[in-house]
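Structure, as structure tokens:
The values are calculated or read from the model by the stated rules, or taken from the named source; none is laboratory data. Bear in mind the structure is a predicted one, so any value in this text is a computation, not a measurement. Ideal geometry is used to build each Cβ from the backbone, glycine not excepted, and the neighbour counts take in all protein chains shown. Remember, those area values only see protein heavy atoms, side chains included, never the ligands or the DNA or RNA. Shrake-Rupley method; radii C 1.70, N 1.55, O 1.52, S 1.80 Å.
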Amino acid sequence: MNNKLRIGISCYPTFGGSGVVASALGMELAALGHKVHIISYAPPARIKLYHPNLHFHKVEVTDYPLFEYPPYSLSLASSMVEVAQTEKLDLLHVHYAIPHAVSAYLAQEMLGDNSIPFVTTLHGTDITLVGNAPSFMPITKFVLEKSDAVTAVSNFLKQETLNFFKVDRDIAVIPNFIRSDLDDCSNVNIRRSTIASDNEAIIVHISNFRPVKRISDVMQIFSRIRKEKPAKLLMVGDGPERAPAERMARELKVQDDVYFLGMQLEISDILRLADVLLQPSETESFGLTPLEANACCTPVICSNVGGLPEVIVDGETGFLLPVGDVDAMADKALMIINDDELRRKMDKAGRKRAREVFNAARIVNLYLDIYHQVLSG
Ligand code: GMT
């Protein structure tokens, strides 16, 4: 019997964590022999599509002068139906509830007697920010109830969802995972000397520069570090807080030591070069970048909020500190930078935990278990 599945995956194709996780899952499933069909308005930013089991289906969004807002969710539902029929999909797996789970529900209804189950994976902002915006509340609750299975990327997110939406259903916690190719910390394709001299530390921040990431804290932490130790700060990503951060770098007189690199497709080299990753977020349902940093042998200084304590072990793979405590965050970063032995110990512990707890094979199997459960009814 052929136990390989045909899976439709929908996600936001941007650099955000949910798209990165959905893409990585698609690639891992394809490598295991399952047929994966990505259905979205663009190929996800970090996906490598060249695998015979991996296909991309572009959702054509119809615009018309009458539409002030083109109805993407409806076009997505139609594409899901079309792909389900032509590719004989066994199930749909959607990442981010709004609008993907709504489109999947609609597709399921449209497929009628030939309907297929759909699994919804919650990533965080779909629940903590978007889902509890008053206008999205009823529809998010509705699709949480209608999904054949719901997974959340942390215990924190599961609890938030249950408490806020008061849904009476199981939510499986399946954490994010590291890509198999992030394993080798010595494989660095950038020369350190092109960024910093030997006596300078390299500090990194990677995000979508949204207010929730507290970019101004990153700048303040760096300025404090810089007073004690020569260092460079690499700011990777882009978003609304980028321009204010550039202004702040000038005000704090650290502009010559801060490089704004913009969006980067490949972050593993940067993470492997870094001495510390800063993630002082207001909240974080998981913290994929901190996990990737640990996998690349880099300790993390982050806020003690949301799902971050499920990813980073305080004092072992990084430090967890109260939101906004920039002095303590700078002190801990300096502690790591100035103590080679501690740094090496944390590098090793982070990498070991990333490989043991968050390895792709283990986590992908958890998703496969869910797929088989919904398929067996
Ligand atoms: O962090 C963002 O703003 C992007 C967002 C997304 O949905 O793409 O990230 C969320 O999902 C990631 C993958 O599961 C998690 O690692 C992030 O912690 C989560 N972001 C927040 O909760 C703020």
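For region 250-320, what class follows from the C-alpha gyration tensor (a ≥ b ≥ c being the square roots of its eigenvalues): rounded when a/c is under 1.5, otherwise prolate if a/b is larger than b/c, else oblate?
Values: a/c = 1.83, a/b = 1.41, b/c = 1.29.
In terms of gyration-tensor shape, prolate.
Can you work out the PRE-style zone for Lys345? Point 7 Å along Cα to Cβ, and I want the residues of region 320-334 with backbone N under 13 Å.
Answer for region 320-334: none.
Sort by residue number and name the cysteines in the chain that have no neighbouring cysteine Cβ under 4.7 Å.
Within the chain, the cysteines lacking a partner Cβ under 4.7 Å are Cys11, Cys296, Cys302.
Arg214's amide H: which non-local residues (gap 5+, or another chain) put their own amide H closer than 5 Å, with H modeled 1.01 Å from N in plane and none for Pro or chain starts?
Here Glu282 satisfy the definition.
Less than 14 Å Cβ to Cβ from His55, Lys/Arg counted +1 and Asp/Glu -1: what total charge do the surrounding residues give?
+3
All other residues with a Cβ under 11 Å from the Cβ of Pro13 taken together, and with Lys, Arg as +1 and Asp, Glu as -1, what is their net charge? Walk me through the numbers on the way to the answer.
Numbers: positive: Arg46, Lys58; negative: none.
Taking every Cβ under 11 Å from that of Pro13, the sum is +2.
Calculate, in nm to one decimal, what Glu251 and Asn304 gain on full extension: separation in residues at 0.36 nm each, minus their alpha carbon distance.
Working: separation 53, 0.36 × 53 = 19.08 nm, distance 2.80 nm.
Using 0.36 nm per residue and subtracting the Cα-Cα distance, I get 16.3 nm.
Quick one: pull the percent of accessible area on region 192-357 belonging to carbon and sulfur, 1.4 Å probe, ligands and nucleic acids left out.
On the way: 3000 of 6700 Å².
Roughly 45 percent, rounded to a whole number.
Modelling each spin label as a point 7 Å along the Cα-to-Cβ direction, I'd like the Val61/Arg242 distance in nm, to one decimal.
Rounded to a tenth, the inter-label distance reads 1.9 nm.
In terms of the Cα gyration tensor, with a ≥ b ≥ c the square roots of its eigenvalues, is region 133-172 rounded because a/c is under 1.5, prolate because a/b exceeds b/c, or oblate? Provide the component values of the computation, followed by the final result.
Values: a/c = 1.96, a/b = 1.28, b/c = 1.53.
In terms of gyration-tensor shape, oblate.
Please work out the Cα center distance from region 323-347 to region 280-299, rounded to the nearest Å.
Answer, in whole Å: 15.
Roughly speaking, what is the stretch gain from Glu282 to His372, that is 0.36 nm per residue apart minus the C-alpha to C-alpha distance, in nm to one decimal?
Gain on stretching Glu282 to His372: 28.8 nm.
What residues have an amide H closer than 5 Å to that of Ala152, excluding those fewer than 5 places away on the same chain, when H is modeled at 1.01 Å from N in the peptide plane?
Excluding prolines and chain starts, which carry no amide H, the hits are Leu122, Ala172, Val173, Ile174.
Given the peptides 352-363, 116-127, arrange them by the average over their residues of other C-beta atoms within 10 Å, most packed first. Let's see the in-between values first.
Numbers: 352-363: 16.3, 116-127: 25.1.
Ranking the peptides 352-363, 116-127 by packing returns 116-127, 352-363.
Packing-wise, with mean Cβ within 10 Å as the measure, how do 78-86, 231-239 rank, highest first? Mind showing how you got there, number by number?
Numbers: 78-86: 19.2, 231-239: 21.2.
Per-residue mean Cβ counts within 10 Å order the peptides as 231-239, 78-86.
Looking at the square roots a ≥ b ≥ c of the eigenvalues of the Cα gyration tensor of region 192-357, which shape do they give, rounded for a/c under 1.5, prolate if a/b is larger than b/c, or oblate? Present the calculation step by step, with values, prior to reporting the outcome.
Details: a/c = 1.40, a/b = 1.19, b/c = 1.18.
Judged from the Cα gyration tensor, region 192-357 comes out rounded (a/c under 1.5).
Tabulate in residue order the Karplus-calculated ³J(HN,Hα) for region 209-225, using 6.51 cos²θ - 1.76 cosθ + 1.60 with θ = phi - 60°, rounded to whole Hz; enter x for Gly and Pro.
Rounded to whole hertz, the list is 6, 9, x, 4, 7, 6, 4, 5, 5, 4, 5, 5, 4, 5, 4, 5, 4.
Starting at the first residue of region 134-150, write each ³J(HN,Hα) from the Karplus equation 6.51 cos²θ - 1.76 cosθ + 1.60 with θ = phi - 60°, in whole Hz, x for Gly and Pro.
x, 6, 8, 3, x, 6, 5, 4, 4, 6, 5, 6, 7, 4, 6, 8, 10
Counting only residues 5 or more places away or on other chains, whose amide H sits under 5 Å from the amide H of Leu91 once H atoms are built in the peptide plane?
Arg6, Gly8
Run the quick spin-label model on Glu228 and Asn365: label points 7 Å from Cα toward the beta carbon, then report their separation in nm to one decimal.
The modelled label-to-label distance comes out at 4.3 nm.
Rg to Rh ratio, the chain, alpha-carbon atoms and Kirkwood radius? Show your work: numbers first, answer last.
Numbers: Rg = 21.3 Å, Rh = 21.5 Å.
That ratio is 0.99, to two decimals.
Measuring from centroid to centroid over Cα atoms, what is the spacing of region 1-35 and region 226-266 in Å?
Spelled out, the Cα-based centre of one part sits 34 Å from the other.
With a 1.4 Å probe and all protein chains left in place, how much of the accessible area of region 1-54 comes from carbon and sulfur atoms, in whole percent? Don't skip to the answer; put the middle values down first.
On the way: 1250 of 2120 Å².
Taking all protein chains in place, region 1-54 shows 59 percent carbon and sulfur surface.
Given a 1.4 angstrom probe, what's the average accessible area per residue across region 192-357, in square angstrom?
Numbers: 6700 Å² over 166 residues.
Spelled out: the 1.4 Å probe surface of region 192-357, per residue, equals 40 Å².
Within 15 Å, Cβ to Cβ, of Glu282, how many net charges do the neighbouring residues add up to if Lys/Arg are +1 and Asp/Glu are -1? Don't skip to the end; give the middle numbers.
Details: positive: Arg210, Lys213, Arg214; negative: Glu160, Asp217, Glu241, Glu284, Asp325.
For residues surrounding Glu282, the net value is -2.
Give a residue-ordered list of calculated ³J(HN,Hα) values for region 34-43 (Karplus: 6.51 cos²θ - 1.76 cosθ + 1.60, θ = phi - 60°; whole Hz; x for Gly, Pro).
7, 8, 10, 10, 7, 10, 7, 7, 7, x
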